[in-house]
Amino acid sequence: MRLTRRGVAVLVGAVCCYLVGELAGYPFFRAVAGVLLGAVLAAVVATVFRPKVEIERSVQPDRLERGTPALATLVVRNETSRRQGGFAADDRAGAQTRKVWVRPLAPGAEATYHYELPTFRRGRVQAGPLALNRFDPFGLAQGDRTVGSTAFLWAYPRLHPARPVRAGHPRHHHDGPITDPPLRGSADLREVRQYVIGDEVRYLHWKATARTGQLMVRDYADPAQPRFTTVLDTRPGAMSPAMFEEAVEVAASLLYASAMAGQHCRLITPAGLDTPVDSGLRVVRTLLDQLCLMAQDARDDEPLMPVATVTAARPGGVLAVITGPVADLGAARRWRPDTVIRLGVPSSSGLGWIGAPDAAGAVAVWNALGAK
């Protein structure tokens, strides 16, 4: 509970009137002071009692492309044996605040409210918690209480239809060069790790499970599995913030298409982000979550690729670099990128490079080159 500006002014007025009445000997001012002080006390009593309600929150859907409508649902439930009066509440929706007017609730009753969440910007949008607001009739005091949990909406970058990559430098086996022909069964044991939901039950390693007390599975790698690696330039000097959003959309579109085509995908940034290599729906969600929170968090004096990364062996498959119109590749040339995509320039292409003004143009040129 806290006094509003009006409440503070009334309280100060009460003190002044009382002092004037005492010093000048006027009973009228003492009476006015008593009335004002009584109004402030009544306001405090009116706002100190807060409604006891339970809040149930949901966001549908919780992951979507930016610009797609999303709905937050609030279920306000009175689980007490007394009737709860109506009240006003503010619900956080990202950087905005939604006003919710809750009607009076009988014992055991509930009310459902809906409102749209802002999805026009890429990022993770927080919904909640709900702040209950209690005002007295004269606006002298206000009581706030935060109830309910929070939910998050992931606004992914916009995805443009893209062709998965089809060619590139030959991949290397994790223990040495790829065999020709591939090893028996086209799958090699890479490691034994803890079981996660979605793993093949037939790959359970019973001896390791008995030894550790946890379900362990064999993790196999296909030596001939195609790969796609994307380097996204996150240096602020390489692109403007608006152009960086276009670059994130290009990276998301290409990685999504390749991962859904069964290719092992990898994302690298100058800030040191290096996602694990994998394919399928699980890696698609991981990559899109990373791109949802991606920011221009690298320093301008940092190289396009971390030194520890670029000095390692070049990964097999296709390597694409996404950067600005004049950014220097630096040591990244050692990995011999298959395609360098430069945004903020007129649509054009050449041997190993693509220029485009925005994400849609870059993906369109990418698709045209892949169709040849």
For V321, residues with placed amide H under 5 Å, excluding near neighbours: V231, T339, V340, I341
Using amide H atoms built in the peptide plane, which far-off residues or other-chain residues are under 5 Å from T234 H to H? A271
Compare the Cα positions of G143, F120, P315 along the charge dipole of the chain (+1 at Cβ of Lys, Arg; -1 at Cβ of Asp, Glu; about the Cα centre) and return the one farthest towards the positive end. G143
Quick check: pseudo-label points 7 Å beyond the Cα along Cα→Cβ at K99 and D297, how many nm apart are they? 3.7 nm
Per residue accessible area of the chain, 1.4 Å probe, in Å²: 53 Å²
log₁₀ I(q)/I(0) of the chain at q = 0.08, 0.14 Å⁻¹, via Debye over equal Cα point scatterers, no solvent, to two decimals? -0.63, -1.13
Region 227-301: relative contact order as a whole-number percent, Cα under 8 Å and 6+ apart: 41 percent
Rounded to the nearest 5, what % of the DSSP beta bridges within the chain are antiparallel ones? 70 percent
Ordering of 96-104, 262-270, 323-331 by packing [mean C-beta count within 10 Å, highest first]: 262-270, 323-331, 96-104
To the nearest 20 Debye, how big is the dipole of the chain about its Cα centre, given +1 on the beta carbon of each Lys and Arg and -1 on that of each Asp and Glu? 640 debye
For region 215-372: relative contact order, % (alpha-carbon pairs under 8 angstrom, 6 or more apart): 25 percent
The answer for T4, listing residues at least 5 apart or on another chain whose modeled amide H is closer than 5 Å to its amide H, is A141, Q142
Mean Cβ-within-10 Å packing, highest first, puts peptides 197-206, 278-287 in the order 278-287, 197-206
Calculated from backbone phi, Karplus (6.51, -1.76, 1.60) coupling profile of region 72-89 in Hz, x at Gly/Pro: 9, 10, 10, 10, 9, 10, 9, 9, 8, 9, 10, 6, 9, x, x, 7, 9, 9
With point charges of +1 on the Cβ of Lys and Arg and -1 on the Cβ of Asp and Glu, referenced to the Cα centre of the chain, which listed residue (C16, T212, N78) lies farthest in the positive direction of the dipole? N78
Residue-by-residue Karplus 3J(HN,Hα) for region 353-370, coefficients 6.51, -1.76, 1.60, Hz, glycine and proline x: 8, 9, x, 7, x, 8, 5, 4, x, 5, 5, 5, 5, 4, 5, 5, 5, x
Highest-first arrangement of 121-127, 54-60, where packing means the average Cβ count within 10 Å: 121-127, 54-60
With the full set of protein chains in place, find how many percent of the accessible area of the chain is carbon and sulfur; take the probe as 1.4 Å. 57 percent
Name the residue farthest towards the positive end of the dipole of the chain from the options C292, A359, Q194, assuming +1 on Cβ of Lys and Arg, -1 on Cβ of Asp and Glu, about the Cα centre. Q194
Residue by residue through region 198-211, which ³J(HN,Hα) values in whole Hz follow from phi under the Karplus form 6.51 cos²θ - 1.76 cosθ + 1.60 (θ = phi - 60°), with glycine and proline marked x? x, 6, 5, 5, 5, 8, 4, 9, 5, 5, 5, 5, 5, 6
Could you work out the relative contact order of the chain, using alpha carbon pairs under 8 angstrom and six or more residues apart, expressed as a whole percent? 13 percent
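The values are calculated or read from the model by the stated rules, or taken from the named source; none is laboratory data. Note that the structure is predicted; figures quoted are calculated from it, not measured. FYI the Cβ positions are ideal-geometry reconstructions off the backbone, even for glycines, and counts take in every protein chain you see. Heads up: the accessible areas ignore ligands, DNA and RNA and are worked out on the full protein's heavy atoms, side chains in. Shrake-Rupley method; radii C 1.70, N 1.55, O 1.52, S 1.80 Å.
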